[in-house]
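Trainee: Mind having a look at this structure? Questions to follow.
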Amino acid sequence: MSPSLKPVKRPVALGELVYSSLQTHLRSGALVAGQPLQEEYVAEMLGVSRTPVREAMTRLASEGLLATEGRSFVVPELTQADLDHIY
């Protein structure tokens, strides 16, 4: 092999970018407790399809930063104990 070959940098996955954006908004308080999050609206605001938004919201829900209500996501009301557990 040629020693001049170097690993190719991989672009960050779109779902990861959406996840980071939503996480930042949650942490900053821009998304408030009780606020419902609609995939279609978030996707439109971020200029992406619904799939990476759904993936990011599912991941945030698994981490406790979003709650599910039926097929929807909502920003949960977090107690101090919740925050301690998450972080």
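Trainee: How big is the Rg/Rh ratio for the chain, C-alpha atoms only, Rh by Kirkwood, two decimals?
Mentor: 1.14
Trainee: Now a separate question. Taking the chain as a Gaussian network, where each spring joins two C-alpha atoms under 10 Å apart, which residue of 11, 52, 76 fluctuates the most?
Mentor: 11
Trainee: As I understand it, the dipole of the chain uses +1 on the Cβ of Lys and Arg and -1 on the Cβ of Asp and Glu, about the Cα centre. Which of 58, 45, 5 lies farthest toward its positive end?
Mentor: Checked the options; the winner is 5.
Trainee: Which of these, 22, 66, 31, has the largest mean-square fluctuation under a Gaussian network model of the chain (Cα springs below 10 Å)?
Mentor: Comparing 22, 66, 31 in a Gaussian network model of the chain, the most mobile one is 31.
Trainee: Let me have the 222 nm mean residue ellipticity of the chain computed from DSSP H runs of 4+ only, each contributing -39500 (n - 2.57), with the sum over all residues rounded to the nearest 500.
Mentor: Dividing the helical sum by the residues of the chain leaves -15000 deg cm²/dmol.
Trainee: Leaving out ligands and nucleic acids, and using a 1.4 Å probe, what accessible area per residue does the chain come to in Å²?
Mentor: 74
Trainee: Region 32-87: which trypsin sites (Lys or Arg not before Pro) are DSSP loop and have at most 16 other beta-carbon atoms within 10 angstrom?
Mentor: Within region 32-87, the qualifying trypsin sites (Lys or Arg not before Pro) (loop, at most 16 other Cβ atoms within 10 Å) are 71.
Trainee: Which GluC sites (Glu not before Pro) in region 25-87 sit in a loop by DSSP (not H, G, I, E or B) and have at most 13 other Cβ atoms within 10 Å of their own Cβ?
Mentor: Here the sparse-neighbourhood loop sites are 63, 77.
Trainee: Please list, ordered by chain and number, the residues whose modelled amide H lies under 5 Å from the amide H of residue 73; skip anything fewer than 5 residues away on the same chain.
Mentor: Counting only residues 5 or more places away or on other chains, the set is 37.
Trainee: What part of the accessible area of the chain, given as a whole %, is carbon or sulfur when the probe is 1.4 angstrom?
Mentor: 55
Trainee: Sticking with this one: Tell me, what ³J(HN,Hα) does each residue in region 60-76 have, in order and in whole Hz, if you take phi through Karplus 6.51 cos²θ - 1.76 cosθ + 1.60 with θ = phi - 60° and put x for Gly and Pro?
Mentor: Running phi through 6.51 cos²θ - 1.76 cosθ + 1.60 with θ = phi - 60° gives 5, 5, 5, 8, x, 8, 10, 10, 9, 10, x, 9, 10, 10, 9, 6, x Hz.
Trainee: Same structure, new question: If you put +1 on each Lys and Arg Cβ and -1 on each Asp and Glu Cβ, how big is the dipole of the chain around its Cα centre, in Debye rounded to 20?
Mentor: Roughly 560 debye for the chain.
Trainee: Taking H placed 1.01 Å from N in the peptide plane, check which residues at least 5 places from residue 66 or on another chain put their amide H under 5 Å from its amide H.
Mentor: Here the answer is 61, since their amide H atoms fall under 5 Å of that of residue 66.
Trainee: Rounded to whole Hz and in sequence order, give me ³J(HN,Hα) for region 39-56 from the Karplus expression 6.51 cos²θ - 1.76 cosθ + 1.60, θ = phi - 60°, writing x for Gly and Pro.
Mentor: Residue by residue, region 39-56 yields 3, 4, 5, 4, 4, 5, 5, 8, x, 10, 7, 6, 4, x, 5, 4, 4, 5 Hz.
Trainee: For the chain, what does the relative contact order come out to in percent, with C-alpha contacts under 8 Å and a separation of six or more?
Mentor: Relative contact order of the chain: 31 percent.
The values are calculated or read from the model by the stated rules, or taken from the named source; none is laboratory data. Please read all numbers here as calculations on a predicted model, not as lab measurements. Note that we place each Cβ from the backbone using ideal geometry, even for glycine, and neighbour counts take in every protein chain shown. With ligands, DNA and RNA removed, areas are computed over all heavy atoms of the protein, side chains included. Shrake-Rupley method; radii C 1.70, N 1.55, O 1.52, S 1.80 Å.
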